[in-house]
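Notes to accompany the following structure.
The values are calculated or read from the model by the stated rules, or taken from the named source; none is laboratory data. The model shown is predicted, which means the values in this text are computed figures rather than measured ones. Here the Cβ positions follow ideal geometry from the backbone for every residue, glycine too, while neighbour counts run over all protein chains shown. Heavy atoms of the whole protein, side chains included, go into the accessibility calculation; ligands, DNA and RNA do not. Shrake-Rupley method; radii C 1.70, N 1.55, O 1.52, S 1.80 Å.
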Amino acid sequence: MSDFYQDGVITNFHNLTNRKVEELEYDLQVFSGRRSMGLILPSLFSELEGPALTRIVDELTKVPYLEEIVIGLDRADRDQFLFAREFFSRLPQRHRILWNDGPRLKALDEELKKENLSPNEPGKGRNVWFCAGYTLASRRTSVVGLHDCDIVTYSRDMLARLMYPVANPNFHYDFCKGYYARVADGKFNGRVGRLLVFPLLKSLQIVYGHSDFLEYLRTFRYPLSGEFAMRTDILNDLRIPSDWGLEIGVLSEVHRNTATKRICQVDIADTYDHKHQPMSEDDATNGLQRMSIDITKALYRKMAILGVNITSESFRILKATYYRNALDMIDGFENDAKMNGLSFDRHSEESAVELFSGAIMEAGQAFVDTPSEKPFIPSWSRVQSAFPDMLDRIHEAVEKDNEGDV
C-alpha cells in the first residue's frame, strides 16, 4: 500500500524474510526466562459463536511462551459465562476470564463509580481497562500483548512478531504496535484508517500548525490496529478512552509517558481480515460513523491538552482541508489498486469521505458542547491511590468466578 506518511520518528521492523514461526517462538521461550509474557483478549460473547475466535484459540494452544492469558468477556449472562469457561478450557496456558457483567465485578464497579473512577460507558476501552487491572494484580508478566478476537486470518506468528521487540531483553523497546496491509477479497479495506485518519492527521497539521505529536501519529503505518505489546508496568499510568478512540488514546498516552526511541512498530501479517463494521449513514451511534466521531474527538482532546486553541470556526476550515486531502489520497489508492490488480469502487470511497467529513463537524460540536466531559478512564495508579486494595479485590473476584460457583 502506498505510503502517505513519513518514517523516521519511531523504529519500524519490516517482515523481510518471513522467518519461521518456530524460530521466533524458540527465541521467545528463551526471552521468557527474563521477561515473562502475557496476552489480553477483549471479547464479546458473540465472538465465541463465530469462526474467528475458535481459530484464534486453536492457534494459541500451540504458543509455548505465554505465562498467562487474560480474557475480558462482555455481554454475557451466567450461562454464557459458563459456556466461555468451557470454550477456553482447552488453552494449556494459565488463563482467566473476566466476567464483566457478573455480580462480583459489577459490585466492584459500583464502588468505583461512587468515586468517579469507573469507565463512563461499556465498550472495548472499559473491557481492556479491567483486563489491565487484573494483569497488574496477577503480577505474573513483565510484557503483555493485546489483540482483537475477530481476526479471521489469525495465525500465531502474528503474536510472535508482535511480542518479539518488547520481549527481547537485548532490545530497549517499551511499546510495540502491529501493522499490516488491509487487503482482502481483492480490494482495499481499512476505510477509517485510509480515508479518515491519514488525511485528517495531515489536515490537522495544515490548519493548526506543525506538531511533534501529529508527526508521531503519522509515522504509524496503521494507527488503528488493535494489536500492540508493551512492558506491563506501562499499564499503571495509561489513561484511555472507553469508546472507539481506544487505539488513538493508547498511542497518545505512550507518547506522553515514553521516549519515542523506545517505541516501535512491526509488520505482523501478509494478509489480515476481520469483522467489518457497517457505515451506519443514518445512525451516528453505531458502525463506522460512531467510530469516526469517537476517533476524531480523541484527536481534538489531545490537541487541546497540547495547548492548541480549537474553536468552532476552525472546524469548518478543517473539514474543507480534510475533504481535499482525502480526495487526493483516493486518487493514489485508485492507482495503487489498478497496479496491483485490485478492484476499486470510487463511488464508495468518496461516499465514505463525505460521511467522515460530517463526523469531523459532529465530533467538533460535541467537543465544544461538552467541555466538562471526562474523556479518559482514570489510570490504575489513581485507582490504587483511592482504593489501595482494589487490585487485590479484582484478582480475588476473578479467581472465584473462574474456579468456583457463579
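Of all residues in the stretch 364-406, which are among the acidic types (Asp, Glu) and under 19 Å from Gly249 (Cβ atoms)? Explain how you work it out, then say what you get.
So the first thing to find is which residues in the stretch 364-406 are among the acidic types (Asp, Glu), and the list is 369, 373, 389, 392, 396, 399, 401, 403, 405.
The one that is among the acidic types (Asp, Glu) and under 19 Å from Gly249 (Cβ atoms): Glu373.
Scan the stretch 234-254 residue by residue and report those that are within 22 Å of Ser142 (Cβ to Cβ), assigned to a helix (DSSP H, G or I) and either without any contact (Cβ under 8 Å) to a residue 24 or more places away in the chain or more than 11 Å from the chain's Cα centre (by Cα) (or both).
Taking the stretch 234-254 as the starting set, the residues that turn out to be within 22 Å of Ser142 (Cβ to Cβ) are 234-240, 250-251, 253-254.
Now restrict to residues that are assigned to a helix (DSSP H, G or I): 234-237, 250-251, 253-254.
Matches in the stretch 234-254: Ile234, Leu235, Asn236, Asp237, Val250, Glu253, Val254.
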For Lys261, work out the one condition from (1) open to solvent by 40 Å² or more (accessible area, probe 1.4 Å); (2) within 18 Å of His147 (Cα to Cα); (3) assigned to a helix (DSSP H, G or I) it doesn't fulfil. (2)
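Specify which of the listed residues (Leu327, Leu318, Leu217, Leu288) is at pLDDT below 90 and part of a helix (DSSP H, G or I). Talk me through it step by step, then tell me what you get.
Details: Leu327 fails: at pLDDT below 90; Leu318 fails: at pLDDT below 90; Leu217 fails: at pLDDT below 90.
Result of the check over Leu327, Leu318, Leu217, Leu288: Leu288.
Listed here are the residues, each with its yes/no results for (1) over 21 Å from Gly123 (Cα atoms); (2) in contact with a Phe, Trp or Tyr (Cβ under 8 Å, 6 or more places away or on another chain).
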{"residue": "Leu299", "(1), (2)": "no, no"}
{"residue": "Glu313", "(1), (2)": "yes, no"}
{"residue": "Leu327", "(1), (2)": "yes, no"}
{"residue": "Gln365", "(1), (2)": "yes, yes"}
{"residue": "Asp369", "(1), (2)": "yes, no"}
{"residue": "Ala386", "(1), (2)": "yes, no"}
{"residue": "Glu399", "(1), (2)": "yes, no"}
Residue in the stretch 111-129 that is buried (at least 18 other Cβ atoms within 10 Å of the Cβ), within 16 Å of Cys149 (Cβ to Cβ) and either of a type in the set (D, E, K, R) or in contact with a His (Cβ under 8 Å, 6 or more places away or on another chain) (or both) present: yes
What number of residues in the stretch 64-109 are outside any helix (DSSP H, G or I), of a type in the set (Gly, Ala, Ser) and under 26 Å from Ala229 (Cβ atoms)? 1
Which pairs turn up if I take residues in the stretch 84-95 that are without any contact (Cβ under 8 Å) to a residue 60 or more places away in the chain and of a type in the set (A, V, I, L, M, F, W, C) and look for partners that are surrounded by 12 or more Cβ atoms within 10 Å (Cβ to Cβ) and in a helix (DSSP H, G or I) with beta carbon separation below 8 Å, at least 6 apart in sequence or on another chain? Ala84/Phe45; Ala84/Leu48; Phe87/Leu48; Phe87/Val57; Phe88/Val57; Leu91/Val57; Leu91/Leu60
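Could you look through the stretch 208-258, keep only residues that are of a type in the set (Ser, Thr, Tyr) and more than 22 Å from Met163 (Cα to Cα), and pick out the one that is surrounded by the most Cβ atoms within 10 Å (Cβ to Cβ)?
Taking the stretch 208-258 and keeping what is of a type in the set (Ser, Thr, Tyr), we get 208, 211, 216, 219, 222, 225, 232, 242, 252, 258.
With more than 22 Å from Met163 (Cα to Cα) added as a condition, the list becomes 208, 211, 242.
On the way: Tyr208: 17, Ser211: 17, Ser242: 24.
Result: Ser242.
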Restricting the stretch 181-202 to residues that are over 17 Å from Lys338 (Cα atoms) and aliphatic (A, V, I, L, M), the one surrounded by the fewest Cβ atoms within 10 Å (Cβ to Cβ) turns out to be Val192
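Can we say Asp27 is over 20 Å from His147 (Cα atoms) and surrounded by fewer than 18 Cβ atoms within 10 Å (Cβ to Cβ)? Write out each step before concluding.
Working: over 20 Å from His147 (Cα atoms): yes; surrounded by fewer than 18 Cβ atoms within 10 Å (Cβ to Cβ): yes.
Judged against the criteria, Asp27 is a match.
Can you tell me which residues in the stretch 141-160 are assigned to a loop (DSSP other than H, G, I, E, B) and open to solvent by 10 Å² or more (accessible area, probe 1.4 Å)? So that I can check it myself, show each step before the final result.
Step one: filter the stretch 141-160 for residues assigned to a loop (DSSP other than H, G, I, E, B), giving 141-142, 147-150, 152-155.
Within the stretch 141-160, Thr141, Ser142, Asp148, Asp150, Val152, Thr153, Ser155 meet the criteria.
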If a residue must be open to solvent by less than 10 Å² (accessible area, probe 1.4 Å) and out of contact with any strand residue (DSSP E or B) (no Cβ under 7 Å at 6 or more places or on another chain), how many such residues does the stretch 64-79 contain? 0
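Test Leu82 against the criterion of being modelled with pLDDT of 95 or more, within 28 Å of Lys106 (Cβ to Cβ) and either open to solvent by 10 Å² or more (accessible area, probe 1.4 Å) or more than 19 Å from the chain's Cα centre (by Cα) (or both), and give yes or no.
Working: modelled with pLDDT of 95 or more: yes; within 28 Å of Lys106 (Cβ to Cβ): yes; either open to solvent by 10 Å² or more (accessible area, probe 1.4 Å) or more than 19 Å from the chain's Cα centre (by Cα) (or both): yes.
For Leu82, the condition - modelled with pLDDT of 95 or more, within 28 Å of Lys106 (Cβ to Cβ) and either open to solvent by 10 Å² or more (accessible area, probe 1.4 Å) or more than 19 Å from the chain's Cα centre (by Cα) (or both) - is met.
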Could you list, in sequence order, all residues of the stretch 166-194 that are over 18 Å from the mean Cα position of the chain (by Cα) and in a helix (DSSP H, G or I)? Ala167
Would you please list the contacts, defined by Cβ atoms under 7 Å and residues six or more apart or on different chains, that run from a residue in the stretch 117-140 that is assigned to a loop (DSSP other than H, G, I, E, B) to a residue that is buried (at least 23 other Cβ atoms within 10 Å of the Cβ) and hydroxyl-bearing (Ser, Thr, Tyr)? Pro119/Ser242; Asn120/Ser242; Glu121/Ser242; Gly123/Ser242
Scan the stretch 361-406 for residues that are in a loop (DSSP other than H, G, I, E, B), open to solvent by less than 60 Å² (accessible area, probe 1.4 Å) and farther than 21 Å from Lys113 by Cα and jot them down. Gly404, Val406
Of a type in the set (A, V, I, L, M) and farther than 18 Å from Asn168 by Cα: is that true of Ile10 in this structure? no
